[in-house]
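See structure below.
The values are calculated or read from the model by the stated rules, or taken from the named source; none is laboratory data. Please read all numbers here as calculations on a predicted model, not as lab measurements. As a convention, Cβ positions derive from the backbone with ideal geometry for all residues, glycine included, and neighbour counts pool all protein chains shown.
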């Protein structure tokens, strides 16, 4: 369980997070949604420790992550995997070496065990053998995201964080990536946190959803329940979302 | 403007503090170090050879023309060319050229890693990006730049000799004697000390500019240009300071 307690963050005069509390459920796909500028990226980066919040706590299974010393944080980071918006694969390494990279740093496995683990993870995200020696830049956006997922899970983390994993992908590939994230979450029992503004993702994989607006948490609950909400801000967000725009257009 | 300079200087030293931390995995750092030796050092050899050969040739031609006097033996032309290459041309000019080639490479590669979130990815994994990405580059530069400069000295002397002989500007035997006449080994120490300092300046300043890039591809290019300007200023300044300290 990831517990977020009273997180605040400001950049200069601009207050981006205004004291947010949320519980991100273990073994589930937790989605943080909201329109651009709602503060969801700053929220995710505060949870993973890329941004130091001004106030508040992040507890990872009861461990106070925000108050930890850097040395202890480094140990705990090996329990985390992250998929970035632009994949953030290392362009100086091949696809296979990208996935092997965390193992080379932190694993005590033998070379053959590492080979097996890398092959397993790449196979799990359905990357063909022919792509292993390629440079990440030679792959399509969807394949890059899948390699990024393989790299994120190679150390068998407890927590998986995904920052807008569908960004820049066509709707069909987005669904594939969503399903992959959901499958992996349930298969390995990870606590997954996905940052998105895609309503399809909310309905498809949102075990638990947090809606943010202007630095506040507006709504929290199970994914499909968002459609039942009578809260005006929630209704506004859902109605404005791309999916419903298309539905409205189709119904006209 | 002055406060901006001191803020930048403070940020640079804090950055160096982050770079010189204990590596998470020595083995991985060494692997990265050897990659950098190949990328930054080995790939610079053809450029250094080309520049040094012609630099030596030009220096011989200019010196021979200016010392074209029956009372000045060719031996002194050889001495002048040797001292010129050893004291200034090989360490300083080659370092300025490497600032353009290697420095802009370091700055743009780190800048690209910053804007594409590759550094964030390292940080999330628990790897110190400043140390892992920059320390091997500094190490490779400190090791390989002196080798390049020694190479440059020999190539410069060879270029000078060949030009003097082919163009019949000097008597080759007398000119060659000048290369060995009253040779002071301390000048080699001076040249290599300068090179080590310049290597540190090039690798650390360019890395600092690249590491803190914000924005996109345009900002990466701007940071690279700023880095080359700052490195050139620093090299010229430290060239004067080291010469004053070591040769006075």
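Can you report the number of residues in the stretch B:19-33 which are surrounded by 13 or more Cβ atoms within 10 Å (Cβ to Cβ) and more than 11 Å from every other protein chain (Cβ to nearest Cβ)?
So the answer is 3.
Please go through the stretch A:45-71 and give me each residue that is part of a loop (DSSP other than H, G, I, E, B) and either over 14 Å from the mean Cα position of the chain (by Cα) or under 19 Å from residue A:198 (Cβ atoms) (or both), ordered by number. If you could, list the steps in order and put the result at the bottom.
Of all residues in the stretch A:45-71, those part of a loop (DSSP other than H, G, I, E, B) come to A:49-54, A:61-62, A:65-69.
Of everything in the stretch A:45-71, those that are part of a loop (DSSP other than H, G, I, E, B) and either over 14 Å from the mean Cα position of the chain (by Cα) or under 19 Å from residue A:198 (Cβ atoms) (or both) turn out to be A:51, A:52, A:53, A:54, A:61, A:62, A:65, A:66, A:67, A:68, A:69.
For the stretch A:131-146, check the following and say yes or no: at least one residue is closer than 20 Å to residue A:2 by Cα and touching a strand residue (DSSP E or B) at 6+ places or on another chain (Cβ under 7 Å). It would help to see each step written out before you state the result.
We begin by selecting, within the stretch A:131-146, every residue closer than 20 Å to residue A:2 by Cα; these are none.
Checked against the condition, which is being closer than 20 Å to residue A:2 by Cα and touching a strand residue (DSSP E or B) at 6+ places or on another chain (Cβ under 7 Å), the stretch A:131-146 yields no hits at all.
Here is a list of conditions, (1) without any contact (Cβ under 8 Å) to a residue 60 or more places away in the chain; (2) in contact with a helix residue (DSSP H, G or I) (Cβ under 7 Å, 6 or more places away or on another chain); (3) under 29 Å from residue A:236 (Cα atoms), and residue A:51 meets all of them except one; can you say which number that is?
Going through the list (1) without any contact (Cβ under 8 Å) to a residue 60 or more places away in the chain; (2) in contact with a helix residue (DSSP H, G or I) (Cβ under 7 Å, 6 or more places away or on another chain); (3) under 29 Å from residue A:236 (Cα atoms), residue A:51 breaks only (3).
Inside the stretch B:1-16, can you point out the residues that are at pLDDT 85 or above and either touching a helix residue (DSSP H, G or I) at 6+ places or on another chain (Cβ under 9 Å) or farther than 18 Å from residue B:132 by Cα (or both)? So that I can check it myself, show each step before the final result.
Let us first name the residues in the stretch B:1-16 that are at pLDDT 85 or above, namely B:3-16.
Matches in the stretch B:1-16: B:3, B:4, B:5, B:6, B:7, B:8, B:9, B:10, B:11, B:12, B:15, B:16.
Could you list, in sequence order, the residues of the stretch A:32-44 that are farther than 16 Å from residue A:1 by Cβ and either in contact (Cβ under 8 Å) with a residue 60 or more places away in the chain or assigned to a loop (DSSP other than H, G, I, E, B) (or both)?
As a first pass, look at the stretch A:32-44 and keep what is farther than 16 Å from residue A:1 by Cβ: A:33-44.
If the condition is that a residue be farther than 16 Å from residue A:1 by Cβ and either in contact (Cβ under 8 Å) with a residue 60 or more places away in the chain or assigned to a loop (DSSP other than H, G, I, E, B) (or both), then A:33, A:34, A:35, A:36, A:37, A:38, A:39, A:40, A:41, A:43, A:44 are the ones that fit.
Please state which one of A:200, A:156, A:135 is free of Cβ contacts under 8 Å to residues at least 60 places away in the same chain, in contact with a helix residue (DSSP H, G or I) (Cβ under 8 Å, 6 or more places away or on another chain), surrounded by fewer than 19 Cβ atoms within 10 Å (Cβ to Cβ) and farther than 21 Å from residue A:98 by Cα.
On the way: A:156 fails: farther than 21 Å from residue A:98 by Cα; A:135 fails: farther than 21 Å from residue A:98 by Cα.
Residue meeting the stated conditions: A:200.
Of (1) within 18 Å of residue B:31 (Cβ to Cβ); (2) free of Cβ contacts under 8 Å to residues at least 24 places away in the same chain; (3) in contact with a helix residue (DSSP H, G or I) (Cβ under 9 Å, 6 or more places away or on another chain); (4) surrounded by fewer than 17 Cβ atoms within 10 Å (Cβ to Cβ), residue A:68 satisfies all except one. Which?
Only one criterion in (1) within 18 Å of residue B:31 (Cβ to Cβ); (2) free of Cβ contacts under 8 Å to residues at least 24 places away in the same chain; (3) in contact with a helix residue (DSSP H, G or I) (Cβ under 9 Å, 6 or more places away or on another chain); (4) surrounded by fewer than 17 Cβ atoms within 10 Å (Cβ to Cβ) is unmet by residue A:68, namely (1).
Has the stretch B:191-205 got at least one residue that is without any contact (Cβ under 8 Å) to a residue 12 or more places away in the chain and within 17 Å of residue B:82 (Cα to Cα)?
Restricting attention to the stretch B:191-205, the residues satisfying the condition of being without any contact (Cβ under 8 Å) to a residue 12 or more places away in the chain are none.
No, there is no match, as no residue in the stretch B:191-205 is without any contact (Cβ under 8 Å) to a residue 12 or more places away in the chain and within 17 Å of residue B:82 (Cα to Cα).
Name the residues in the stretch A:156-184 that are within 14 Å of chain B (Cβ to nearest Cβ) and under 17 Å from residue A:199 (Cα atoms), would you?
Selection gives A:162, A:163, A:164, A:165, A:167, A:168.
I'm trying to understand the selection: among the residues of the stretch A:51-65, which are within 13 Å of another protein chain (Cβ to nearest Cβ) and surrounded by fewer than 20 Cβ atoms within 10 Å (Cβ to Cβ)?
A:51, A:52
Considering each residue of the stretch A:89-127, count those that are part of a loop (DSSP other than H, G, I, E, B) and either at the interface with chain B (Cβ under 10 Å from one of its Cβ atoms) or more than 13 Å from residue A:145 (Cα to Cα) (or both), and give that number. Full working, then the answer.
Taking the stretch A:89-127 first, the residues part of a loop (DSSP other than H, G, I, E, B) are A:89-94, A:107-110, A:125-127.
From the residues that got through so far, the ones that are either at the interface with chain B (Cβ under 10 Å from one of its Cβ atoms) or more than 13 Å from residue A:145 (Cα to Cα) (or both) too are A:89-94, A:107-110.
The total comes to 10.
Filter the stretch A:159-190 down to the residues that are outside any helix (DSSP H, G or I) and farther than 19 Å from residue A:98 by Cα and list them by number. Give the steps one after another, and end with the answer.
Taking the stretch A:159-190 first, the residues outside any helix (DSSP H, G or I) are A:159-170, A:189-190.
A:159, A:164, A:166, A:167, A:168, A:169, A:170, A:189, A:190, listed by residue number.
Return the only residue of B:15, B:5, B:89 being under 30 Å from residue B:126 (Cβ atoms) and more than 14 Å from every other protein chain (Cβ to nearest Cβ). Lay out the reasoning, then the answer.
Values: B:5 fails: under 30 Å from residue B:126 (Cβ atoms); B:89 fails: under 30 Å from residue B:126 (Cβ atoms).
Result of the check over B:15, B:5, B:89: B:15.
Kindly list the number of the only condition in (1) under 14 Å from the mean Cα position of the chain (by Cα); (2) within 14 Å of chain A (Cβ to nearest Cβ) that fails for residue B:117.
(1)
Table: residues versus (1) within 14 Å of another protein chain (Cβ to nearest Cβ); (2) surrounded by fewer than 23 Cβ atoms within 10 Å (Cβ to Cβ); (3) at pLDDT 95 or above; (4) out of contact with any strand residue (DSSP E or B) (no Cβ under 9 Å at 6 or more places or on another chain).
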residue	(1), (2), (3), (4)
B:73	no, yes, no, yes
B:78	no, no, no, yes
B:107	no, no, yes, yes
B:110	yes, no, yes, yes
B:128	yes, yes, no, yes
B:134	no, no, yes, yes
